[in-house]
1. Can you list residue pairs whose Cβ atoms sit under 8 Å apart, with the first residue in the range A:75-91 being within 15 Å of B:R319 (Cα to Cα) and the second being open to solvent by 10 Å² or more (accessible area, probe 1.4 Å) and charged (D, E, K, R)? Count only pairs 6 or more apart in sequence or on different chains.
2. Out of A:Q308, A:Q302, I need the residue that is over 19 Å from B:W84 (Cβ atoms), assigned to a loop (DSSP other than H, G, I, E, B) and either polar (S, T, N, Q) or within 11 Å of chain B (Cβ to nearest Cβ) (or both). Which one?
3. Of A:Y372, A:Y321, A:Y285, which residue is closer than 19 Å to A:M270 by Cβ and assigned to a helix (DSSP H, G or I)?
4. Considering only the range A:76-93, state which residues are within 10 Å of chain B (Cβ to nearest Cβ), surrounded by fewer than 23 Cβ atoms within 10 Å (Cβ to Cβ) and assigned to a helix (DSSP H, G or I).
5. From the set of residues in the range B:35-59 that are touching a residue at least 60 places away in the same chain (Cβ under 8 Å), within 14 Å of chain A (Cβ to nearest Cβ) and open to solvent by less than 10 Å² (accessible area, probe 1.4 Å), which is nearest to the chain's Cα centre (by Cα)?
6. Can you name every residue in the range A:297-313 that is more than 26 Å from the chain's Cα centre (by Cα) and either open to solvent by less than 70 Å² (accessible area, probe 1.4 Å) or at pLDDT below 95 (or both)?
7. Can you go through B:H122, B:H62, B:H116, B:H69 and tell me which one is within 14 Å of chain A (Cβ to nearest Cβ) and touching a strand residue (DSSP E or B) at 6+ places or on another chain (Cβ under 7 Å)?
8. Output the residues belonging to the range B:314-354 that are more than 7 Å from chain A (Cβ to nearest Cβ), more than 14 Å from B:P304 (Cβ to Cβ) and open to solvent by less than 10 Å² (accessible area, probe 1.4 Å).
Protein chains: 2
Amino acid sequence: MGFHFEVLKTDSKARRGRLTTPHGIVETPFFMPVGTQASVKGLRNEALEELGAEIILANTYHLYLRPGHELVRKLGGLHKFMSWNRAILTDSGGFQVFSLSELRKITDEGVRFRSHIDGSEHLLTPERASEIQLALGSDIAMVLDECIETPAPRDKTKSALKRTTQWARRARNHFLEQQDRNGDLKQWQFGIVQGATFADFRRESACQLLEINFPGYAVGGLAVGEPHEVTCEMTAEVTALLPENRPRYLMGVGKPEQIAEYVALGIDMMDCVLPTRAARHACLYTSQGRVLIKNARYAEDQNPIDPQCHCSVCRRYSRAYLRHLFAAGEFTAAILATHHNVHFYLDIMRQIREAIEFGNLAKFSSEMRAKYAAGPA
Amino acid sequence: MGFHFEVLKTDSKARRGRLTTPHGIVETPFFMPVGTQASVKGLRNEALEELGAEIILANTYHLYLRPGHELVRKLGGLHKFMSWNRAILTDSGGFQVFSLSELRKITDEGVRFRSHIDGSEHLLTPERASEIQLALGSDIAMVLDECIETPAPRDKTKSALKRTTQWARRARNHFLEQQDRNGDLKQWQFGIVQGATFADFRRESACQLLEINFPGYAVGGLAVGEPHEVTCEMTAEVTALLPENRPRYLMGVGKPEQIAEYVALGIDMMDCVLPTRAARHACLYTSQGRVLIKNARYAEDQNPIDPQCHCSVCRRYSRAYLRHLFAAGEFTAAILATHHNVHFYLDIMRQIREAIEFGNLAKFSSEMRAKYAAGPA
């Protein structure tokens, strides 16, 4: 089973599709739970399977530093190492180098940085980022891009964009050379459109990447502090230029009420730490909005987290019990909350796919916004 | 379904029995995973059920302070509160008051102490400890006893023993009054034999409790620092005096290699935080001894934690992956390790029950000691 992507149905700009990978079919649009260090925090793989996750994201930066990509390669690749037989996407490590590491120094060659774990010095180049991901054996690999702080001035954005394109070309060449040398690699490589909050740069970046020719395209450097309207505007600028027969990935989003909006702009793939991180901080997502479960109002509440939810946590445990576990600092609290929140996100995606099929995504999207407009309960 | 205990088979002093409770049958000898705050740390109830746990222990001291026994009563009792429909034993809170709380002051009335959570002042009396456990609605409740530091001098042991007997009588009277008033209470109350490391005091304590007449008896205040031989000697002194048709509970034990020894002394019930606590510290129990999984020797080890183990963790995940999760500080590590260790303990109990049925417990016990004599790997 190789790679294939097809759009099955559209609803205005939104697309209902199907991504075939060597590790199974992934229905689109989809959301990827984040398994930074080869584990979605608090969920066994069995739980992810029960939840219907068809693909997860793992972080190249973290796995390169620990346990090391050569170890993972030696043990048969990431799927075998972590015993996950469904699809995996790895990021390029670029974003983490820029946000986590110390003493980073960027040149045309690549980015030199110190590990946040032990201070050791490393050089990440476009070729190296590709090589690491080939060793990990993920189904989808991302090219190394230059991430910049926001808000970014035009000149800095322009030079980062230029470098991102150069790096993308080098990464693509390296990847194709490996493919020629080793035969059919079981990996797809995606480019990443940058350009900060400037529409002209976003278009320029997209056009340059289209020339390089990737099987899929990501929109990077968004949802990093700019207003949501700007995120949407930039995303729309890019998706308008991208080929209809290739998947589009908006990186690092989003809030529950925003997911359907991004899909409406033509996005097929998303990832975010929000459902898992919020769960560990006792913030639960429900069909009626956010629930801050540590609130005293839930102390005697025998209802499930979300009476409309069918997850195994809502079928069995009460708000009162969840509140107690969080108040008592029991780490089973995070297990149960994470399970529910990931179910909530994956269920949103199921509802979105159905909405597209029935041509009423706009209605679904506005209902979600209304439910989350009131703030947490 | 009320309460019933029967011994089905004996092997020297060891007993293979069956305890019937309102929340199901518990095969004896059994080991109780510890769910201090109404949760076995790191395991969903679904996991405990998969592991075959027929009974768990919860801590009265913790649940009294948080969320409070009246809240639990109001929400339908501990079984309903935590959604666990199998048997539960609650301790009296005595041991935790002595080991966790501050400023405790013991009088004949009871023990006055400050909460380790918020410093609030509380008075725990034998009647109160019984009342709290009735509110929790556990299947088996323990009487309040006076716990003392070890090694203890004879005079201090004698006065604590005297008070423990007085408290046991008051607790029993209170319990029986409640039973008369409310009809058939769905709870059994056990007495606790004290007497530190003095055989004569142990015998005296046992005889005094037998006069009060409990449906089951515990041996308390052991495995708190004294040599293992002394633990065994004291246990043997007590079990020799206890009636054969009532269950015997050795509190707070034990190490994997000691479990069968205690059973050989006539013990039917045990509990210990060791399997769950050790798991969180990356110490795994296996059929070949302890495995300290963070050790570098496991970095590339693709074997399961224990090749002879049939738990769902060993069926799927490698030592290399477990080691990585612990090294990376991923909390999924503790989930997987806890699952395995609890399986290991419950499986030891299954093997012990089978060994008694076949009359070869002594052989099983010496094999376990030999495997664990070598120290951790």
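The values are calculated or read from the model by the stated rules, or taken from the named source; none is laboratory data. The model shown is predicted, which means the values in this text are computed figures rather than measured ones. No Cβ is skipped: glycine too gets one built from the backbone with ideal geometry, and neighbour counts run over all protein chains shown. Heads up: the accessible areas ignore ligands, DNA and RNA and are worked out on the full protein's heavy atoms, side chains in. Shrake-Rupley method; radii C 1.70, N 1.55, O 1.52, S 1.80 Å.
1. Every condition considered, the pairs that remain are A:L75/B:E300; A:S83/B:R316.
2. Working: A:Q302 fails: over 19 Å from B:W84 (Cβ atoms).
Answer to the check: A:Q308.
3. Working: A:Y321 fails: closer than 19 Å to A:M270 by Cβ; A:Y285 fails: assigned to a helix (DSSP H, G or I).
Only one candidate passes the filter, namely A:Y372.
4. Listed by number, the list holds a single entry, A:K80.
5. B:A58
6. Residues satisfying the conditions are A:Y298, A:A299, A:D301, A:P304.
7. Numbers: B:H122 fails: within 14 Å of chain A (Cβ to nearest Cβ); B:H62 fails: touching a strand residue (DSSP E or B) at 6+ places or on another chain (Cβ under 7 Å); B:H69 fails: touching a strand residue (DSSP E or B) at 6+ places or on another chain (Cβ under 7 Å).
Checking each option against the conditions leaves just B:H116.
8. Answer for the range B:314-354, where residues must be more than 7 Å from chain A (Cβ to nearest Cβ), more than 14 Å from B:P304 (Cβ to Cβ) and open to solvent by less than 10 Å² (accessible area, probe 1.4 Å): B:A333, B:T338, B:V342, B:Y345, B:I348, B:M349, B:I352.
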